[in-house]
1. Take the Cβ-Cβ distance between residue 187 and residue 70 as r, set R0 to 60 Å, and report the resulting FRET efficiency rounded to the nearest 0.05.
2. For residue 284, list long-range residues whose amide hydrogen, built 1.01 Å from N in the peptide plane, is under 5 Å from its own amide hydrogen.
3. Give the cross-link partners of residue 22 among the lysines, using a straight C-alpha distance below 25 Å as the criterion and excluding same-chain residues fewer than 8 apart.
4. Nearest 0.05, what FRET efficiency do residue 671 and residue 243 give at R0 = 60 Å with Cβ-Cβ as r?
5. Could you run the Karplus curve 6.51 cos²θ - 1.76 cosθ + 1.60 with θ = phi - 60° over the range 461-469 and give me ³J(HN,Hα) per residue in whole Hz, x for Gly and Pro?
6. Rounded to whole Hz and in sequence order, give me ³J(HN,Hα) for the range 159-174 from the Karplus expression 6.51 cos²θ - 1.76 cosθ + 1.60, θ = phi - 60°, writing x for Gly and Pro.
7. Where does each of 278, 362 land when they are ordered by accessible area, with a 1.4 Å probe and the largest first?
8. Where does each of 58-66, 234-242, 320-328, 6-14 land if you order them by average Cβ count within 10 Å, highest first?
Amino acid sequence: MNLTTPIGQIAGIGPVFQKKLKKLGIKNIQDLLFHFPHRYEDFSNVTPISKIKFSENCCVQGKILEIETSRTWKKKIFITQAIVQDNTGAIKALWFNQPYLSKILKAGDSVYLAGKTSLDKQGVYLSNPAYEKLVEARLQPTHMGRIVPVYPETEGLSSRWLRNIIQPILINFRNSIPDLLPQKIIQENQLLPFSQAIWQIHFPDSPELANKAKERFSFEELFFIELWVLRERAKLSQEKANQVTLNLEIMQKLVKSLPFKLTDAQKKSAWAILKDLEKSRPMNRLLEGDVGSGKTVVAALAALNVIKAGYQAAFMAPTEILANQHFKTIWDILKNFNINVGLLTGKTDKFFSRKLKNDWIEVSRKKLLEKTLKGEMNLVIGTHALIQDKIKFGKLALVIVDEQHRFGVEQRARLLNVRRPTSNIPHLLSMTATPIPRTLALTLYGDLDLSLIDQLPKGRKKIITKIVSPEERRKTYDFIREEIKNGRQAFVICPRIESKALCEAGLHTTPSSWAGVKAVEEEYEKLSKEIFPDLSVAMLHGKMPGLEKERTMQNFKNKKIDILVSTSVVEVGVDVPNASVMMIEGADRFGLAQLHQFRGRVGRSIYQSYCFLLTDSPSGKTNLRLKALVNCENSFELAEKDLEIRGPGDFTGTRQWGIPDLIMGSLRNVFLVEKTRNAAKEILMQDPLLKNYPLFRERLSRFREKIHLE
Ligand code: ADP
Ligand code: MG
């Protein structure tokens, strides 16, 4: 047996358990060992029986004097009763409906019992306590008389079961697994060596040691992220890119042609990008700017500069709707500059190409691909369909990825390979409205240069955000009607597309949790027929055909639709400046990042805008998030809040790194981040290719697999 031995070969893990473990992503021994507990319970203090009080959690150790199972007359419940004694006294323990217990536990056995105490006529007793028989052969108890691990569980896989499986494996393996971290790093940073750490993280001798173990694994995890990031950066700096000279004249012409003045932050970012493009080293820049801060026009400037220098640019958006929107906006911005812009998405077969005459023509995909290969299609806008291998660019010099947190690292990497026939790597500009707190930017995106648009265009008003209880629903509808009367438009967002009926028929996996959710279709019916029969209401969801989606968005933009009922497909990027109300049903079901994105769909012009967060439990605990949203308008503040509430999660796109939950929190530890970064730098300085570190190389390749599986 070794680390890669499949779990099926471990005694006690049959097919049923294998399947359950798979659900947790556990396939081999290594996975099991790295299935870390997410918390601990402290059963280390054994209470003398004479000191036990009512309604307390306690752990006792003693001998079973007697044990017996009987059945109640009326309710036919099995009751197992035992009397346990230590040298200070005796106590009763009762278990319900576990008749097999009297086969496992016998009079005379030494046991640990842990649980809550109850009271009956005869006094204090232990109710349904957890138990562990002390077997002489085993030196330490697994479940009691110690701090015990509590694992992230799945149905039918208890922590108790996991402990029983993991402990013997640990005992067998912990000394034979090589320590990934070199001795020097361990010493310099006062870390626990692996063999100790892996034991202490599962079965800590003290809370302090549990923390030390956690620190060691956090260090390790961050260290490899840093190593990866720094190595990628080094690799990239060896690559060549096309140098694109800044064409100031054209840039000024474009800026002048805009219907607005660029903000200083936009100018600064654009300048940094244009300067990067002049270098022969590929740009790798992240443009961060709050929703509505005007990133698109900055990207358009960069694209035009590249095109006018004789190269091509690709612009990738996360959804079809967004790709369509960008196609139109960017065409509008660039139409007087005599260029070809193509649109390529996944589903529809028609492709548009716009020629100079300020009009578009449809071309077949084949034609579009041909023109792209020849370099005649100056700018190609699309979804992830853009990075299929079939699509080859003749003279690609710039790739723009919008809302980059929606893309995996893998896609970024693949996009870099869509170049041909030159061997140069395109410059890469990623854009996101997802604010990344400084520490995380440093950690996870250390290979990117960062530009911030930390300023909104002039005249934008603060969006008024309100948590709305069910009683205030009517009032909210009246308010929306009023806004529409004044010429505005509204979004209504619903959490899921499954209808209640489907849920009730049991066709959804967890019917109960969705039973109350407003399905888009139902909401649409309700709003269009009952609430706003006199207004134009339309719906939009991901399962509609591409063309229909596009038509609906277009009609909304052209004000033919007053209220758009939608799923989260409008989450990112959609730009309808005339909309002033964002109403979010079941708001507590969305993450903070998503809610902030939704809110960013309004307040995109001079009109006062509103965001209504509907929830059935306005004072519920989950609503910390909603309150954070009410109180913060700035997304950087929000990101920090989110980090506080939940640890780094989908706000920051950290999920894709496959970081264990236990360690997520350490990403906030600037000190640790810097320590690991320095350690990684030092190693790479001596040995850039990691020739002397086969374990590192192996680890990084596993890491890469993990990322790429997302
Ligand atoms: P995001 O950064 O969220 O992608 P967009 O690029 O979609 O934002 O821009 C949001 C809206 O603001 C668009 O309607 C755009 O035309 C407008 N806009 C961009 N820059 C400015 C500016 N400097 N002044 C006024 N409006 C602007
Ligand atoms: Mg955008």
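1. So, using R0 = 60 Å, E works out to roughly 0.45.
2. 428, 449
3. 214, 706
4. It comes to 0.90.
5. Along the range 461-469, the couplings run 9, 4, 6, 7, 10, 9, 7, 10, 8 Hz.
6. Running phi through 6.51 cos²θ - 1.76 cosθ + 1.60 with θ = phi - 60° gives 4, 4, 4, 4, 4, 4, 7, 6, 4, x, 5, 4, 4, 6, 9, 4 Hz.
7. Greatest to least solvent exposure: 362, 278.
8. 320-328, 58-66, 234-242, 6-14
The values are calculated or read from the model by the stated rules, or taken from the named source; none is laboratory data. As the structure is a prediction and not an experimental result, all values here were calculated from the model. Glycine also receives a Cβ, built like all others from the backbone with ideal geometry; neighbour counts cover every protein chain displayed. Calculation scope for accessible area: heavy atoms of the full protein, side chains included, ligands and nucleic acids excluded. Shrake-Rupley method; radii C 1.70, N 1.55, O 1.52, S 1.80 Å.
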